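Shown next, in structure tokens, is the structure this report addresses.
Laboratory data are not the source of any read-out in this text; all were calculated from the coordinates shown. Please read all numbers here as calculations on a predicted model, not as lab measurements. Glycine gets a Cβ as well: all are built from the backbone with ideal geometry, and neighbour counts include every protein chain shown.
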């Protein structure tokens, strides 16, 4: 990939698209903040930018970056009342909004960057597979263990499959063998107790 050509071909800004569109992932409070009443017609078919991978020519889009940064410091802009992760994607939503209002669009696929997103849902399985293939035991850092302990303490209603101890790994392996499920999903790793 020639980054310079890609940025030039897209007028100083390139980001692959993300799932959904601007209206799905941008809380109505953002439109109110920007005094924008055109959202239905103007943004109906606009794709969402993927803020995990961005290319900028700062000379051409500095004014947009500045506005994005300014918004990040204003609650009504970056996280309007009533917004949450199910209806608003904070910096990603604002980036998409600002780029569209500066006649720039997101497109292409994140894989063209050689990246994959949302792989955290397969973390336990990837660690187990790595250890099985290479015969190495992956040891969590002190920070990993601290964070896992906090999750366990703060989430008493969750059953958390423990991949850090032999007993936990054996239980995971038995579950995989029993169900034949070799592609763990997030709900397989963090599952709410019934009742």
Length-normalised contact order for region 3-111 - Cα pairs under 8 Å, 6+ apart - percent: 42 percent
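Neighbouring Cβ atoms within 10 Å as the yardstick, rank 136, 129 fewest first.
Details: 136 9, 129 12.
Least crowded to most crowded, the residues run 136, 129.
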